[in-house]
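The values are calculated or read from the model by the stated rules, or taken from the named source; none is laboratory data. Computed from a prediction, not measured in an experiment: that's the story for all the values here. Glycine also receives a Cβ, built like all others from the backbone with ideal geometry; neighbour counts cover every protein chain displayed.
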Amino acid sequence: MAKVVKKRKVELREILKAVPHIVKFPTSRIWCDYDKEADVLYISFERPQNATESEMLDNGILLHYRGDKPVGVTILEASTR
């Protein structure tokens with residue numbers, strides 16, 4: 001039982017590290033999906049995204065826009081970041 005509690009505390013600590021970054025997102029609602037097999041994290045600021053344009057950065061991150069509005073991010077090799 002103590003092992004489970006310790007694991008949950010570690011998981012909670014890891015989640016809380018993300019909070020300062022999440023509150024800076026360009027919207028108050030986000031959806032995240034992680035494909036473990038492909039190691040890709042999908043973050044959407046709107047559902048559906050209906051992106052009209054995407055931009056691939058040199059670091060393996062794709063930014064998705066509808067016009068000038070950011071609607072999502074795709075992060076390749078997410079577990080290594």
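In this structure, L16 does not satisfy being surrounded by 10 or more Cβ atoms within 10 Å (Cβ to Cβ) and at pLDDT 90 or above. Taking the listed residues I30, I61, the one that is under 19 Å from E14 (Cβ atoms) and not small (G, A, S) is I30, with no other qualifying. With respect to the conditions (1) in a loop (DSSP other than H, G, I, E, B); (2) within 16 Å of A78 (Cα to Cα), H21 falls short on a single one, namely (1).
Applying the condition of being of a type outside the set (K, R) and in a loop (DSSP other than H, G, I, E, B) to segment 24-44 and asking which residue is farthest from H64 (Cα to Cα) yields E37. Residues that are among the aromatic types (F, W, Y) and surrounded by fewer than 16 Cβ atoms within 10 Å (Cβ to Cβ) occur in segment 30-49; there is at least one.
Screening segment 45-81 for residues that are hydrophobic (A, V, I, L, M, F, W, C) and part of a loop (DSSP other than H, G, I, E, B) and picking the one that is nearest to the chain's Cα centre (by Cα) gives F45.
How about segment 1-35: which of its residues are touching a residue at least 12 places away in the same chain (Cβ under 8 Å) and of a type in the set (K, R)? Correct list: R29 only.
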